[in-house]
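Only the coordinates and a few stated rules stand behind these numbers; no lab work does. Everything quoted here is computed from the prediction, not taken from an experiment. All Cβ positions, even for glycine, are placed from backbone atoms using ideal geometry, and neighbour counts span all protein chains on display.
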Amino acid sequence: MDVAGAGAVRAGVTGVPAGAWFWAVPVVPPLTGADELVAGAAGTVLTPSGLAAVTVALLACVKAGDHLLVTDAVYRPTRTFCDTILK
């Protein structure tokens with residue numbers, strides 16, 4: 001699907017005006033559905049921030065006892081998360 005097709009999904013299927021697309025809670029299911037459709041993904045997780053996205057991804061991939069190599073140059077809140085929660 002191209003960008004125009006994604007716009008058609010947003011406007012036609014959901015009936016939500018473009019200005020309200022990201023700001024109203026009822027648009028979350030159509031938003032994730034449209035993202036899955038456009039990207040061909042099996043699922044979509046929306047997070048409120050970049051740090052939340054990073055922690056969700058790390059927690060999905062790392063299990064107890066695993067080792068994770070994180071550079072000192074990584075985004076500082078991510079490093080803090082790894083040093084405190086994943087320690």
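Each Lys or Arg adds one and each Asp or Glu subtracts one; over the other residues with Cβ under 12 Å from the Cβ of GLY43, this totals -2. Summarising the amide proton neighbourhood of VAL70: residues at separation of 5 or more, or on other chains, whose placed amide H is nearer than 5 Å comprise an empty set. Inter-label distance, THR71 to ALA42: 2.9 nm, where each label sits 7 Å from its Cα along the C-beta direction.
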